[in-house]
Amino acid sequence: MISGRNRSLDYNKKKSLGSKINKIKDFKNNLYKNPCEKTSKSKTEMGHNTLINHSLTGFELMITKILAIIVFGMGIVVTVGWIFDITTLEEVLPHAVNMKFSTSVSFIFSGIILYFIANMQKGKLGASEIAIAASGMVIFLFMGTLLVSNISGVYTGIENLFVKEIHDENTTVLGRPSIPTMVDFVMIVTAGIFSLSNYTKSKKPLFWIGLSILSSGGLGLIGYATNLPFLYYHIPGWSTGMAIHTSILFILSGIGLMILKSHYTTENKTIRSIRLRTRLTALFLISSVIPTIFIGTLSYHLSTSSESITILGGGILILVSVSVVGVIIFSLITSKFFSEPIVRLKKATELISEEHFETSVEEDSTDEFGELGRSFNTMVKNIQTARKKLVEVEKLELSEKRIKDQYQELKKTHEILSATEKKYRGLYEYAPDMLRSISEDGIILDCNENYLRSLGCTKDEVIGKSVFEHTSKKSLRELSKGMEEWKKTGKITNQTIWLKRKDGSEFPTLISGTSLYDDTGKIVGRTVSLRDMTEIYSTKAALEEEKAKRLMTVGELSSKLTHDIRNPLGVILNAAELLRIRKQNMDAKELSLINMINESASRISYQIQDVLNFVRSTDIKKESCSILQILNSCIGKIKLPDNIKLVLPKDDLTVDCDRIKLEIVFENIINNAIQAIDTTQGEITVAIRNESNNDVIEISDSGNGISPEVLPQIFEPLFTTKRSGTGLGLPTCKNLVEQHGWTIEAKLPSTFMIKIPRR
């Protein structure tokens with residue numbers, strides 16, 4: 001026995017066939033829940049391997065190992081101080097609490113635990129498992145026994161087991177460390193157990209264990225700094241104080257455990273483990289030899305000392321109890337080392353029996369479990385290969401039968417299609433309309449006889465050519481628009497296109513077309529029907545010519561009648577006005593008659609002016625004019641009723657126009673709007689806006705609106721819906737606008753738009 005001043009003890013988805021498809025889907029859905037998954041997805045743990053979410057950096061590992069070495073070294077130094085009775089090594093300050101012998105020994109093994117937990121980060125499990133287990137057993141037997149002794153009040157004799165303490169500064173029982181010291185060491189052992197137990201959520205426990213130990217040591221230092229003994233845990237009669245260097249080493253140990261909070265093994269790293277026989281032997285020795293040594297040494301010490309037999313019995317009983325608890329804990333950890341790989345292998349085997357052949361087990365370990373995993377995976381691969389070959393043979397047999405069946409079906413289909421093709425080819429070739437089939441790019445793929453005859457071409461001159469080659473120049477733009485519309489809507493309906501014959505002559509056609517689709521539903525072309533409109537256009541031209549002749553006759557007659565009527569009409573208006581001036585005291589009836597004469601004469605004058613405006617054809621004299629100025633000039637000539645509000649545009653527009661003719665246009669449209677609103681409250685709005693490449697003047701009113709049936713004929717000469725109208729006002733507007741090179745159109749409910757191409 002050594003004498004001294006103190007005595008102390010401190011998996012991927014894979015396709016399958018037929019009835020197996022539901023099982024494979026279930027396997028895929030549960031892939032990440034299965035502990036025996038495909039290696040490339042999430043490897044099965046074998047031995048102690050746990051996949052990393054994030055691993056420690058090399059710098060963090062280095063810091064942790066340095067802290068472990070410091071703790072280990074300080075434990076060695078203080079232990080040497082106890083062995084050789086060097087006071088300055090046992091206590092930092094004179095007459096301060098010293099570090100107990102059990103504490104210094106426990107720090108030696110705590111440093112070992114901390115170092116090997118860090119070492120496990122690199123996949124070095126074999127030596128780490130044995131070192132952590134052995135160190136934990138030593139610390140547990142020391143501190144567990146002392147803690148039970150302190151709680152139960154039974155003196156065990158382990159306090160004087162190896163050294164004898166005679167210094168009692170802030171010491172309750174000689175050789176017994178403070179209660180927080182014993183608890184902190186038990187927590188360090190607990191951290192080691194977490195690291196060995198393959199507990200995947202050990203990150204948080206390690207962090208909180210480290211934080212608790214750090215706080216315990218820090219509080220002790222604060223107690224020394226403030227000279228408050230209870231802060232460094234000295235409570236007379238109950239707890240010994242914690243030494244200064246004990247507090248410091250607990251702070252370093254706590255920091256190390258907090259750094260190791262993310263303890264996981266790196267993914268896809270080979271786990272260097274020892275053989276199972278060696279591991280079993282080592283763990284057996286740890287769980288049996290170490291407790292035996294403690295119990296034997298304690299028994300010998302107590303039997304040779306002057307302690308009573310009661311102390312001997314109590315000490316051995318507590319030590320045996322603590323030893324049993326320690327052996328049970330380490331036995332559970334050991335059983336987990338061996339049972340988990342076997343259970344996972346069993347689950348993998350069950351999955352294989354259910355034909356989940358993508359199952360694999362972890363094979364990174366270098367021990368027998370790793371070898372078994374590699375053999376198992378090789379077996380599964382061989383089964384997969386054999387199964388693939390079998391499936392391929394079954395597929396070949398199935399394919400051969402299907403090919404024969406498909407051949408018979410295709411043969412029948414071919415016969416039906418041949419008959420149908422002959423039938424519809426005849427309908428296509430001899431249809432009364434011109435027919436052509438074109439590609440998506442407008443290349444002619446086929447056409448009928450009527451199409452060739454109308455163009456005066458042979459089939460060789462047409463097939464493979466673009467439709468634009470047979471289109472008149474004046475219809476090229478319309479055809480391009482039609483092609484774009486076809487791409488968007490899949491059809492063209494009643495579009496007028498002029499075609500060009502081989503001899504250069506042109507003729508109008510009415511085009512309608514539908515799309516052609518392949519088996520996948522993709523548009524590959526279209527079939528177009530072209531109806532020759534030559535007769536219709538000739539008839540229309542003849543009618544227009546006849547109409548023009550009649551209008552010319554009407555114009556000549558109207559011009560003569562207008563000249564003959566305007567002079568007497570002027571006399572009537574002057575006479576009526578003279579009567580109004582000379583006869584001041586007319587009664588209401590006489591005044592009403594005079595007004596009736598004026599209104600009737602004015603209406604006749606307005607209608608005569610309509611006829612003259614339509615019949616006269618004079619040259620346009622353009623000048624730069626303001627639209628607002630022209631509108632204001634018109635307003636001065638128009639009698640605007642009180643019930644109607646005229647809204648002019650805020651922005652002005654300057655155009656090159658014939659001012660007089662544009663005034664006629666505005667006057668006609670505004671007068672029509674006044675008549676449409678009649679006596680109700682209403683509004684006439686003039687607006688100027690931009691549209692594409694045009695400036696647009698819009699005149700709209702709040703009247704009853706234009707009937708949809710009337711809209712197509714609204715600009716036809718002599719067409720009117722009013723009893724007193726001539727039907728020449730709007731046709732005159734159209735003629736005058738078109739003389740400027742502009743366009744005019746009407747849209748529902750009652751809006752007229754004059755479009756002026758922007759300069």
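Just so it is clear, none of the values below were taken in a lab; they were calculated from the coordinates. The structure displayed is predicted, hence computed values, not measured ones. Cβ sites come from the backbone with ideal geometry, for glycine too, and all protein chains shown count toward neighbours.
Quick notes
- Cross-link pairs LYS622/LYS650; LYS589/LYS637; LYS639/LYS755; LYS491/LYS522; LYS473/LYS500 - those with Cα-Cα distance over 20 Å: LYS622/LYS650; LYS589/LYS637; LYS639/LYS755
- For region 648-660, 3J(HN,Hα) per residue [Karplus equation, 6.51 cos²θ - 1.76 cosθ + 1.60, θ = phi - 60°, Hz, x = Gly/Pro]: 8, x, 6, 9, 9, 9, 9, 9, 8, 7, 8, 4, 5
- The simple spin-label model puts a point 7 Å past each Cα toward its Cβ; for VAL391 and VAL186 those points are separated by 5.7 nm.
- As a proxy for reagent exposure, MET62, MET258, MET99 were ordered by neighbouring Cβ count within 10 angstrom, fewest first; the result is MET62, MET258, MET99.
- Phi to ³J(HN,Hα) by Karplus 6.51 cos²θ - 1.76 cosθ + 1.60 over region 529-536, Hz, x for Gly, Pro: 9, 10, 9, 5, 9, 4, 4, 5
- Hz values of 3J(HN,Hα) by residue in region 138-151 - Karplus curve (6.51, -1.76, 1.60), Gly and Pro given as x: 4, 4, 5, 5, 5, 6, x, 5, 5, 5, 5, 4, 5, 6
- Under the simplified labelling scheme, the THR88-VAL325 pair shows an inter-label distance of 4.0 nm, with each label point 7 Å from Cα along Cα→Cβ.
- Backbone N within region 653-667 under 11 Å of label point (7 Å from SER624 Cα along the Cβ vector): 654-656
- Extension reserve of the GLU709-ASN598 stretch, reckoned as 0.36 nm per residue once the Cα distance is removed: 36.5 nm
- One quarter of the convex hull surface built on the alpha carbon atoms of region 687-755 amounts to 5.1 nm², the projected area averaged over directions.
- Between amide H atoms placed 1.01 Å from N, distances below 5 Å from CYS447 occur with SER437, all of them 5 or more places distant or on a separate chain.
- Here is the size of region 392-511 from its Cα atoms: Rg then Dmax, 20.9, 69 Å.
- When THR509, THR103, THR413, THR527 are sorted by how many other C-beta atoms sit within 10 angstrom of their C-beta, beginning with the fewest, the order is THR413, THR527, THR509, THR103.
- Translational D in µm²/s for region 618-757 (Stokes-Einstein at 25 °C, 0.890 mPa s, Kirkwood Rh from C-alpha pairs): 159
- Rg/Rh ratio calculated on Cα atoms of region 423-488 (Kirkwood radius): 0.98
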